[in-house]
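Visitor: Just dropping this structure here.
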Amino acid sequence: MRGSKRPDGGPGWLWIPAAVAIAFLVLPLLALLLRVPWGSVGEQLTSPLVLDALRLSLTTALIATALCIVFGVPLAWVLASSERWHAVPGGCCGCS
């Protein structure tokens, strides 16, 4: 049987790249958590340099989220309601 399916419906070979992707996400976070000096984390988080970095990260994330909403929602609406994409078998993303 070619491309045997797992009981959950997905091909078994997809678990290999999925495991690699999970490792790329989890291992760096785990490494960061293991290197944190937990005894002085409160003092370090209140330093002006760290507060500036956190403020910049939060501002950048909020702007990126707002841009994704402002441009992504109308684009999704147009693509979902367009007749052109319904002509493609499985829709625009290959979904059935």
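Visitor: Could you tell me which residue of the range 32-63 is nearest to the chain's Cα centre (by Cα), considering only residues that are surrounded by 10 or more Cβ atoms within 10 Å (Cβ to Cβ) and of a type in the set (Gly, Ala, Ser)?
Guide: Across the range 32-63, the extreme among qualifying residues is Ala61.
Visitor: Still on this model: Quick one: is Leu75 part of a helix (DSSP H, G or I) and modelled with pLDDT of 95 or more?
Guide: Answer is no for this residue.
Visitor: Right, next: Give all pairs with beta carbons closer than 7 Å in which a residue from the range 52-79 that is touching a residue at least 12 places away in the same chain (Cβ under 8 Å) meets a residue that is of a type outside the set (Phe, Trp, Tyr) and outside any helix (DSSP H, G or I); count only pairs at least 6 apart in sequence or on separate chains.
Guide: From residues that are touching a residue at least 12 places away in the same chain (Cβ under 8 Å), the pairs are Leu79/Cys92.
Visitor: Also, quick follow-up: Just wondering, is there one or more residues in the range 79-87 that are of a type in the set (D, E, K, R), at pLDDT below 90, in a helix (DSSP H, G or I) and out of contact with any strand residue (DSSP E or B) (no Cβ under 8 Å at 6 or more places or on another chain)?
Guide: Within the range 79-87 (the criterion being of a type in the set (D, E, K, R), at pLDDT below 90, in a helix (DSSP H, G or I) and out of contact with any strand residue (DSSP E or B) (no Cβ under 8 Å at 6 or more places or on another chain)), the answer is yes, since at least one residue qualifies.
The values are calculated or read from the model by the stated rules, or taken from the named source; none is laboratory data. Model, not experiment: these values are computed from the prediction. For neighbour counting, all protein chains shown are included, and Cβ atoms are generated from backbone atoms with ideal geometry for every residue, glycine included.
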